[in-house]
Amino acid sequence: EDVLTPFKDVLMALEGDTVALSCNYSGSVSNLFWYQQKSSSSPQLLIAEYAEKVERLSFKHDKQSKEFHLQISSAAVTDSAVYYCALQPTVTGNTSWTM
């Protein structure tokens, strides 16, 4: 069974910070994703492991430790949201952070 566990449930940051969100997983995976859900909106795909680079975002996957990380540089108030790590569209873990 595939299980996802976020490292932190809530993360606080200051404007301009570099923010790292992390999840670990069990099982074997082929696709990894990060979603962002802003208040009163549905989750939106933010970045996938093999997607083209997205400005201010970087995706890292450590297969040995079964961890994957989303790094957001120059954090802004508009980045405040719930972030979901996902192995497939239906398996998610979440971390919320506010500024």
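Here, each number is a calculation from the coordinates, and none is a lab measurement. Since we're looking at a predicted model, the values are computed, not measured. Counting neighbours? That spans all protein chains shown, and the Cβs are built from the backbone with ideal geometry, glycine included.
Work out, step by step, the length gained on full extension between K38 and S58: first 0.36 nm times the residue separation, then minus their alpha carbon distance; give nm to one decimal. Walk me through the numbers before you get to the answer.
Details: separation 20, 0.36 × 20 = 7.20 nm, distance 1.95 nm.
Value of the extension gain: 5.2 nm.
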For the chain, what does the relative contact order come out to in percent, with C-alpha contacts under 8 Å and a separation of six or more? 39 percent
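What dipole magnitude, in Debye to the nearest 20, does the chain give about its Cα centre under +1 on Lys/Arg Cβ and -1 on Asp/Glu Cβ? Provide the component values of the computation, followed by the final result.
Details: 7 positive and 11 negative charges, 8 e Å.
The dipole of the chain has a size of about 40 debye.
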FRET efficiency for S30 and V77 from the Cβ-Cβ distance with R0 = 25 Å, rounded to 0.05, comes out at 0.10
Just checking my list (i) 82, 24, 14; (ii) 48, 36, 30; (iii) 36, 25, 23 against Cα extents along the principal axes in Å computed from this structure; which label fits? (iii)
Label points 7 Å out from Cα along the Cβ direction at A51 and A20: separation in nm? 2.1 nm
